[in-house]
Every structure is written in structure tokens, then in C-alpha cells.
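Report on the following structure.
The values are calculated or read from the model by the stated rules, or taken from the named source; none is laboratory data. Bear in mind that the values here come from a model prediction, so they are computed numbers and not experimental data. Ideal geometry is used to build each Cβ from the backbone, glycine not excepted, and the neighbour counts take in all protein chains shown.
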Amino acid sequence: MLVAGIICFINGKCLNFSHFIAKELIGLKLSKEKLFEYMQSFLYAVVTFLFLYVFLWPISVEGVSMEGAVENGDRVFISRALCMAGFYGRGDIVMIKVSYDPNKEFIVKRIAAIPGDSVKINNGSLFINGEEIKGCYVGGSGEFVLENGAYFVLGDNYEHSYDSRNFGALNKKDIVGKVIFRWYPLKNIKAY
């Protein structure tokens, strides 16, 4: 492949390679200004995509495990940047990378406990650091002490949620986005 900047001779004329590609190979009659305008538009599109991918990415919630906070079919924006910066904690709704189910790539859950916390589930009650979380009925039983970088997540619809009670504590690297805004349905718009 020829490298840009190589001089090409066509019909006795000396042309820049990029001009040769645009005019002769593609058959377009573009001025340098028009070519610059197209390249600038393309660059704006790439920058906009990257900005949205990192700061404001739309996803659709699937399933009933978070009913009460977000419903099946709701559309939310997540922020990967807030996760990269570590701006999430107990009570935040996050998007998690799934490794246990080949049919799902991501799930949405709420962080119930953070690194250093102790979690105890006993007779349907949830205890974080020895304090009972009121209004929270969870099935099962067990005790967890979260090590550095480990998070315990639960679905708000406890009876219909596959969460840390089933697959254990999550590693920090599995949290890929923080839910920041529900934008659909329009009657339920909400910032988190």
C-alpha cells in the first residue's frame, strides 16, 4: 500500500497522494476545503461517540429484579466515567458485567455493601455491619465479610433477583457503569 505523502504522477501532473485518492481513485471531485470539512465532521462524530460511551450511555433494563427502582423495559443512562473514578457506593444502582450466564452480558443491581463491610442474612433479614436494614426481606441465609475491592449487590425485588446471595461478592472490575438517569418512559423520568 502506498503511504500518504508519496508523490504520484498522473497525466504529467504532480499530485499529493491524498488528493490522488480522493480525486482519481474514488472519482470524487473534492476541493481541499471540502475534504477538510468532511474529515472535521467525521472527527466530531468520533469524539461525540466516545463522550457518550464514557459519560452518558443509554441501556435498556431487562428483567424484574430491580422493580421498584427501575422496571423491565425502562431506558436509563449509565456513566462509565463515574465508575472509572470510583464514584459509587452503598445504595447506588450499577451495571455489572455478567460472567455466570452466557445469555446475558450485563445486569443492573443495587450496591448493598462495600469493601470492609460484613453482611449477614438471617431469617429473611439483612444486616450490614451488624445493623438490620429495615424493610428489606431477603431469602436465604449466610455471612460475608467483604475484602478489599469486593461489593455485595442485591436486586430491589428480592424474591425475583439473582444477585450476590447466589453468585457471591463482586469484584470492583465487574462494575462497569453507574445508573444516573431514567429517561424512558417519559412519565417516570428520574435522576439517581
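Taking the range 96-154 as the range and being within 19 Å of the chain's Cα centre (by Cα), charged (D, E, K, R) and assigned to a strand (DSSP E or B) as the test, the residues that pass are Lys97, Lys109, Arg110.
Going through (1) modelled with pLDDT of 90 or more; (2) buried (at least 18 other Cβ atoms within 10 Å of the Cβ); (3) not in a strand (DSSP E or B) one by one, Ile78 falls short only on (3).
Looking only at the range 155-168, which residues are under 17 Å from Ile128 (Cα atoms) and assigned to a helix (DSSP H, G or I)?
Keep residues of the range 155-168 that are under 17 Å from Ile128 (Cα atoms), which gives 155-156, 158, 163-165, 168.
Within the range 155-168, Tyr158, Ser164, Arg165 qualify.
The listed residues are Leu52, Leu82, Leu56, and the only one of them that is hydrophobic (A, V, I, L, M, F, W, C) and without any contact (Cβ under 8 Å) to a residue 12 or more places away in the chain turns out to be Leu52. Filtering the range 125-139 to residues that are surrounded by 10 or more Cβ atoms within 10 Å (Cβ to Cβ), of a type outside the set (D, E, K, R) and more than 18 Å from Met66 (Cα to Cα) leaves Ser125, Phe127, Ile128, Asn129.
The residue list Tyr192, Tyr162, Tyr151 contains one member that is touching a Pro at 6+ places or on another chain (Cβ under 9 Å) and either within 20 Å of Gly73 (Cβ to Cβ) or modelled with pLDDT of 90 or more (or both), which is Tyr151.
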